[in-house]
Structures are given as C-alpha cells and as structure tokens.
1. Accessible area of region 23-154 with a 1.4 Å probe: how many percent of it is carbon plus sulfur?
2. Each label point is 7 Å from the Cα along the Cα-to-Cβ direction; what then is the distance between the points at D84 and R135, in nm?
3. Run through every distinct alpha carbon pair of region 143-260 and return the Kirkwood hydrodynamic radius in angstroms, one decimal place.
4. Placing +1 at every Lys and Arg Cβ and -1 at every Asp and Glu Cβ, with all other atoms neutral, what dipole size does region 55-191 have around its Cα centre, in debye to the nearest 20?
5. Any chance you could tell me what percent of the C-alpha pair distances in region 132-194 go past 14 Å?
6. Rounded to the nearest 0.05, what FRET efficiency do N156 and D200 give with R0 = 22 Å and r taken as the Cβ-Cβ distance? Could you check?
7. Over region 86-191, average the accessible area per residue using a 1.4 Å probe and give it in Å², no decimals.
8. Scan region 159-217 for chymotrypsin sites (Phe, Trp or Tyr not before Pro) in coil per DSSP, keeping those whose Cβ has at most 14 other Cβ atoms within 10 Å, and list them by number.
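The values are calculated or read from the model by the stated rules, or taken from the named source; none is laboratory data. No experiment lies behind these values; they were computed from the predicted model shown. Note that we place each Cβ from the backbone using ideal geometry, even for glycine, and neighbour counts take in every protein chain shown. Heavy atoms of the whole protein, side chains included, go into the accessibility calculation; ligands, DNA and RNA do not. Shrake-Rupley method; radii C 1.70, N 1.55, O 1.52, S 1.80 Å.
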Amino acid sequence: MRKIVSIILAAMMMTACGGGSASDGTGLTFTMVKAGKTVSISQEQGAPQCQVSLQLAAVKDGEQAAAINKAIISQLLNMEDMSDMQQAADSFAAKYTRDYQRNFAQLYREDRNDAAKRAWYEYHYNITTETKGGREGISVYTAIIDYYEGGAHGINQKLIMNFDNKTGKLLTLSDIFVAGFEQNLNSLLLEKLMVKADVDNIDKLHEKGYLYSMDMFAPENFSIDEESITFVYNPYEIAPYDKGMIELTLDYDELKEIWK
C-alpha cells in the first residue's frame, strides 16, 4: 500500500503545469492562471470580434513568488505595479477588449459595407506559457504570444525569461557574462547566423535579407539550458517577416571566455 501511495505522489509531482500546480524540476511550484474575454465590435449580429486568451504560469508560493510573478506581469502584460497574476490577467483582458471597442468601433462602421475589410477587425491576443529547469539553479520561463491587430498578417513571438531559483531575480546578459562580452558574443552569433543562412560572408547575408539595416546583436531573449544557451530573434528583429523566428544556439564551450 505504501508503494502505491508513493507512486501516486511521484506522478502528481511530475505533472506539468496545467490548471493545478506542479513543480517543473526547478524547485519552484507553479500554478496555471487563466483569463479570457471576447467582445463584439458592435451590437450587430455577426459583427467582428476581439478574443483574448491568457494562460500564464505563476509561482504559487515561496519567498521568490512575488519577485518572479511581478517580473512576468511586467514583461508579458506591461503592468509595472501589479504582483497578483490573476488580477493582472483579468485586468489585461478587460482593458484590451475595451480599447478594441473604443478605438475601432467607429472605423468599422465606416468600413462594414466593404466585405474585403471585415477581416481587418477580427482581433485576437493569445499567450501560452511553459516552464522548465535550465542550467543548475535556474528556471526557464517561455511565453508564446500570438496576436492579430489588423494588417496583412498576425504576429507570433516567443519571449523567454530566466530566473534565479534562490533569489527570484530575472537574469540579464550582464548577469551571466563578464564585462565587455558584447563584441565576442556578437561575433559568435554572427557565425551561427551565417551557418543557418548557408552563407560565408556578411554581404551574402544582406542579399538574403538578414541584418539589412542593423548590426548583429545579442537579444535579452535567451534560454539558459543545461548544455547551451539559445538566443531567440522574433520576426523583423534581424530579418524580414518571411524568415520567421530565428534561434541561434551556443554551447558553453563556445562561451567559456565570456561566461562568469
């Protein structure tokens, strides 16, 4: 009987975040906070709608909870003064849909007889998140943000945050690399980008649309994994939209000269 109980308890602890709470191997306990709201742009039957769906992993308890949750709310919802995840998610959904009606209802009334423009007003904003254990002592928090706010296409982005499990601090590049790391790191990333694009010089990169109007840089959007660090560039950051999301991975051996 004791063995059966132990197996059940172990399975409960290994369950991924989903609506209840679970540890992801980081030592932190997460719970999934959900919020959503759908509104029509007008009271007309069949009018375009705005849909918001948020699924945000939040640290359930512990000394680090307030700091981590506050950073997540700030990064994902742009709310600096809130630390309660459910309250922040509900507030974001309410404000986003309210602004949609306020800002676009009149424009839609002017365009509603033009069938080609109807799709412009079908807004959505969705966030899903997941957590995992990264390099020892670090939690990796990943958010996928998918939204459409008019125009030719929607936008899909990945935003990654790395947290120190003991302090709850959101880690930046300056926290993990020695001072003056930028030139070395940028050179390493440029080499990885050329390999990914199958070119051997910067001019050929430009011809393919990469780094057309900017220099190579290391984004504050990276995943500190057990064996490597992956840097994520969302659409338009270093290449046109049609290149999609670009991920460049560096092993720790490649980073040994600049790693703290």
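1. 43 percent
2. It works out to 3.7 nm between the two label points.
3. Result for region 143-260, one decimal place: 15.5 Å.
4. Details: 14 positive and 19 negative charges, 60 e Å.
My answer is approximately 280 debye.
5. Every Cα pair in region 132-194 considered, those over 14 Å come to 71 percent.
6. The computed FRET efficiency comes out at 0.15.
7. Value returned for region 86-191: 52 Å² of accessible area per residue.
8. When the chymotrypsin sites (Phe, Trp or Tyr not before Pro) of region 159-217 are filtered for loop state and at most 14 Cβ neighbours within 10 Å, Y212 remain.
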